[in-house]
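Scroll down for the structure; my scribbles are underneath it.
Each value in this text was obtained by applying a stated rule to the coordinates, not by laboratory testing. These numbers were taken from a predicted model, which means no experiment stands behind them. Positions of Cβ are generated from backbone atoms using ideal geometry, with glycine treated the same way; all protein chains shown enter the neighbour counts.
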Amino acid sequence: KAGVTQTPRYLIKTRGQQVTLSCSPISGHRSVSWYQQTPGQGLQFLFEYFSETQRNKGNFPGRFSGRQFSNSRSEMNVSTLELGDSALYLCASSLAVNTDTQYFGPGTRLTVL
Amino acid sequence: SQQGEEDPQALSIQEGENATMNCSYKTSINNLQWYRQNSGRGLVHLILIRSNEREKHSGRLRVTLDTSKKSSSLLITASRAADTASYFCAPVGFQKLVFGTGTRLLVSP
């Protein structure tokens, strides 16, 4: 089976812009979770989607949003980018729930200038 | 908080030595998972231990779980330079999986 894929791998944006990141889970996996990783805050949970519905959400402002499509692919969007949004954004998929074993993609490195 | 806390934050050893990392948590769990992350990459699942298990092995990895003390340990035996990475524990309750801050392991040749 192909692993979790994330696109793009690298992204450079400027403050105020918006960005959309994409994640394709492992075939058959229905849960997709997103994480933000920064040197200062570590790995922080953003949200989890299952069957096109957001099932769990972390403590992030409304500028961070996501969605899941019927084929389980997911996108996350960050609007009005801030310098502090520079991070590695990781997507992970699991069979049914976020508490199952997570399979991670390689991440998208976002730099906000 | 469900988040695990790894200890030590950083560990430096020589190839061939054993490495032990600890994880403490505060809430009841369903299972506890350990992950490895090589620099700047995604996490890789290493092992999952359920709350009714006390010890689990996978190759050179040995994980223990003490639910009475709310702690777990990950032992890597006969370490190799390729084991250099950050290691995260994730105590799993009945909601979302939350990662700790990790232990950075450096294995020198």
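Quick notes on this one:
- By definition, a body whose alpha carbon gyration tensor gives a ≥ b ≥ c is oblate when a/c is 1.5 or more and a/b is not larger than b/c, and the stretch B:65-107 fits this oblate description.
- Cα gyration tensor shape for the stretch B:35-109, rounded if a/c is under 1.5, else prolate or oblate: oblate
- With contacts taken as Cα pairs under 8 Å and at least 6 residues apart, chain B reaches a relative contact order of 39 percent.
- Averaging Cα coordinates gives a centre for the stretch B:5-79 and one for the stretch A:1-30; these two points are 28 Å apart.
- In loop segments of the stretch B:11-105 as defined by DSSP, the chymotrypsin sites (Phe, Trp or Tyr not before Pro) with at most 14 further C-beta atoms inside 10 Å of their C-beta are B:Phe94.
- Chain A: relative contact order as a whole-number percent, Cα under 8 Å and 6+ apart: 37 percent
- Couplings 3J(HN,Hα) for the stretch A:15-30, derived from phi with the Karplus relation 6.51 cos²θ - 1.76 cosθ + 1.60 (θ = phi - 60°), are 3, x, 6, 10, 9, 10, 10, 10, 9, 10, x, 5, 3, x, 7, 10 Hz, where x marks Gly and Pro.
- Exposure proxy ranking, count of Cβ atoms within 10 Å, fewest first, for B:Ser58, B:Ser39, B:Ser24: B:Ser39, B:Ser58, B:Ser24
- Taken over the protein assembly as shown, the convex hull of the Cα atoms encloses 121 Å³ per residue.
- Going from the residue with the fewest nearby Cβ atoms within 10 Å to the one with the most, A:Arg15, B:Arg104 rank A:Arg15, B:Arg104.
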